[in-house]
Amino acid sequence: MKIIVCGCGKIGSTICEDLVSEGHDVVALDNIPSVVSSITNTLDVMGVCGNGADCETLGDAGVSEAELFIAVTGSDELNMLSCFLAKKMGALHTIARIRNPEYNDKSLDFMKRELELSMSINPELLAAKELYDILNIPSAVKVESFARRAFEMIELRIKENSPLNGLVLKELREKHKTKVLICVVQRNDDVYIPDGNFTLQEGDKIGLTASPAEMNKFLRSIGLMQKKARDVMILGGSRTAYYLAKMLEASGSGVKIIEKNPEIAQSLSDSLNDTVIIQGDGSEQELLLEEGIANTDAFVTLTGNDEQNILISIYAASRDVPKVISKVNRNELASMAEKLGLDSIISPKKIISNIIVQYARALENSRECQVETLYKLMDGQVEALEFHVREDSRLTEIPLRELKLNDNILIAGIIRGRRTIVPGGNDEILPGDRLVIIVENQRVRDLADILK
């Protein structure tokens, strides 16, 4: 499928990389020659240098033949205009990054309709939603939702004193009396889709699936059901900080944002009613201590500097803050941060890239493919996908134990109406179900792909 990516910064380059790995024909469009040169030297893409809102430049990029046009420059207005022109010039589907809170209010639906946008994406808002979900389950490293939050997957790190340390998986349900499934385990750099004989160890990062009620019951049984963070300190007054503060305000949590730039601090103060804004340098330990970092429930670093986010997060962890979350965009730094003991890492560019990959897979075969949700887990080595099961599916009304699945594939959940099922060998898939599939190191575009 031919896809044009307009704007090749952090997010755009990540989107290009993931789409190339999916086998798509990608054109990278940017107005900075060095950026175009860099991305064409590292990825198998065609590069075009120019303005994405210029018809001649769009023509050079082959927009009339593009099935998908994605605009993720730093300007909302340029993204919207370039998508509008791309659509008029023949692009079948268009996606624009729209970040400004003013646009992401009541006018967004109107703009999407009038500009004929297939989708708008807001990295900061999506990152804030992910942060909010983690703060609601502080013991989790990561939280993902399926079927409109009827089914959850969370990632946990097994500590030395955890009751899961040394547990054989086939003993899980009997010992803890809950309907959860440990569907993936990362041990050092290796990833496993475990069977019942797998033994968990200290340091393992595990992925669990269950309904929210069963997940809460399980976390309570192993002593990890912490109350959601009620007092949150945020370092950096970014758009993500603004969106997160709005969500936390609405839930009744106390929020404090530390921002160095006086103008940004004043703007946040004007737009956030119940959030305390501190204008100061959050890299200074004295300021953090004065503002009560040692007494806060959670500390979130959202500056634009990955290294600063990591270092200050390590300091927060040393002050025994119960939950520390860091925004880290660079892959090599995210890996290093985990090795330094920072488990909860978010990356807006990865969140957006997952959404784009999901959308592109659905477009590849719109009649056959029913991918509803896609998440990349365990440093991208595992995918969790949600499918809608159609009447003609080859998987229906057969006991799961009789299905011959490809290697390294696991059916992790069945959502049937309002009922969620952690599947066993006797369960069957029915038309209309939503199915959650775990896949290691392979790409699944259609439910039929999971069968041998």
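The values are calculated or read from the model by the stated rules, or taken from the named source; none is laboratory data. Because the structure is predicted, anything quoted here is derived from the model rather than measured. Don't worry about glycine lacking a Cβ; one is built from the backbone with ideal geometry, like all the others, and counts go over all protein chains shown. Ligands, DNA and RNA are excluded from the accessible area calculation, which covers all protein heavy atoms including side chains. Shrake-Rupley method; radii C 1.70, N 1.55, O 1.52, S 1.80 Å.
General remarks:
- Scanning the stretch 410-423 for residues that are under 16 Å from residue 450 (Cα atoms) and either under 21 Å from the mean Cα position of the chain (by Cα) or of a type in the set (S, T, N, Q) (or both) yields 410, 411, 412, 413.
- Checked against the criterion of being under 22 Å from residue 131 (Cα atoms) and of a type in the set (Asp, Glu), the candidates 195, 190, 231 yield just one match: 231.
- Any hit, the stretch 430-438, residues being under 18 Å from residue 148 (Cα atoms) and charged (D, E, K, R): yes
- Residue list for the stretch 33-50, filter: in contact with a helix residue (DSSP H, G or I) (Cβ under 9 Å, 6 or more places away or on another chain) and either open to solvent by less than 40 Å² (accessible area, probe 1.4 Å) or farther than 18 Å from residue 2 by Cβ (or both): 35, 38, 39, 42, 43, 45, 47, 48, 49, 50
- Flag: residue 423 does not match the condition of being exposed (fewer than 15 other Cβ atoms within 10 Å of the Cβ) and out of contact with any Cys (no Cβ under 9 Å at 6 or more places or on another chain).
Results for (1) in contact with a Cys (Cβ under 8 Å, 6 or more places away or on another chain); (2) in contact (Cβ under 8 Å) with a residue 40 or more places away in the chain, shown as yes or no for each residue.
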site	(1), (2)
2	no, yes
23	no, no
26	yes, no
39	yes, no
51	no, no
64	no, no
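- Any chance residue 452 is open to solvent by 30 Å² or more (accessible area, probe 1.4 Å), closer than 25 Å to residue 328 by Cβ and modelled with pLDDT under 90: no
- Scanning the stretch 252-280 for residues that are open to solvent by less than 30 Å² (accessible area, probe 1.4 Å) and hydroxyl-bearing (Ser, Thr, Tyr) gives 253, 275.
- Pair list, Cβ < 8 Å and 6+ apart or interchain, from the stretch 202-218 residues that are over 20 Å from residue 435 (Cα atoms) to residues that are part of a helix (DSSP H, G or I): 218/176
- Among the residues here, residue 193 does not qualify as surrounded by 14 or more Cβ atoms within 10 Å (Cβ to Cβ) and more than 25 Å from residue 145 (Cα to Cα).
- Inside the stretch 60-93, residues that are part of a loop (DSSP other than H, G, I, E, B), touching a Lys or Arg at 6+ places or on another chain (Cβ under 8 Å) and surrounded by 20 or more Cβ atoms within 10 Å (Cβ to Cβ) make up a count of 3.
- Residue that is farthest from the chain's Cα centre (by Cα), among those in the stretch 424-445 that are within 20 Å of residue 361 (Cβ to Cβ) and in a loop (DSSP other than H, G, I, E, B): 433
- Of the strands (runs of 3 or more DSSP E) that lie entirely inside the stretch 253-351, those containing 3 or more residues that are under 18 Å from the mean Cα position of the chain (by Cα) span 323-327, 344-346.
- Those helices (runs of 4 or more DSSP H) lying entirely in the stretch 94-183 with at least 1 residues surrounded by fewer than 16 Cβ atoms within 10 Å (Cβ to Cβ) and among the small types (Gly, Ala, Ser): 107-115
- Selection within the stretch 351-403 - at pLDDT below 85, hydrophobic (A, V, I, L, M, F, W, C) and under 14 Å from residue 448 (Cβ atoms): 369, 371
- The condition (being over 23 Å from residue 148 (Cα atoms), at pLDDT below 95, surrounded by fewer than 18 Cβ atoms within 10 Å (Cβ to Cβ) and touching an Asp or Glu at 6+ places or on another chain (Cβ under 6 Å)) is satisfied by just one residue among 220, 230: 230.
This table checks each residue for (1) open to solvent by 10 Å² or more (accessible area, probe 1.4 Å); (2) in contact with a Cys (Cβ under 9 Å, 6 or more places away or on another chain).
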site: 326; (1), (2): no, no
site: 330; (1), (2): yes, no
site: 333; (1), (2): yes, no
site: 350; (1), (2): yes, no
site: 363; (1), (2): yes, yes
site: 393; (1), (2): yes, no
site: 404; (1), (2): yes, no
site: 408; (1), (2): yes, no
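- Within the set 310, 352, the sole residue that is closer than 20 Å to residue 378 by Cα, touching a residue at least 60 places away in the same chain (Cβ under 8 Å) and touching a helix residue (DSSP H, G or I) at 6+ places or on another chain (Cβ under 6 Å) turns out to be 352.
- Criterion violated by residue 376 - all others in (1) within 25 Å of residue 190 (Cα to Cα); (2) open to solvent by 30 Å² or more (accessible area, probe 1.4 Å); (3) part of a loop (DSSP other than H, G, I, E, B) satisfied: (3)
- Conditions (1) under 23 Å from residue 349 (Cα atoms); (2) open to solvent by less than 40 Å² (accessible area, probe 1.4 Å): number failed by residue 311: (2)
- Apart from one condition, residue 25 fits all of (1) modelled with pLDDT of 95 or more; (2) within 23 Å of residue 348 (Cβ to Cβ); the exception is (2).
- Given (1) among the polar types (S, T, N, Q); (2) closer than 20 Å to residue 220 by Cα; (3) modelled with pLDDT under 85, index of the condition residue 165 fails: (3)
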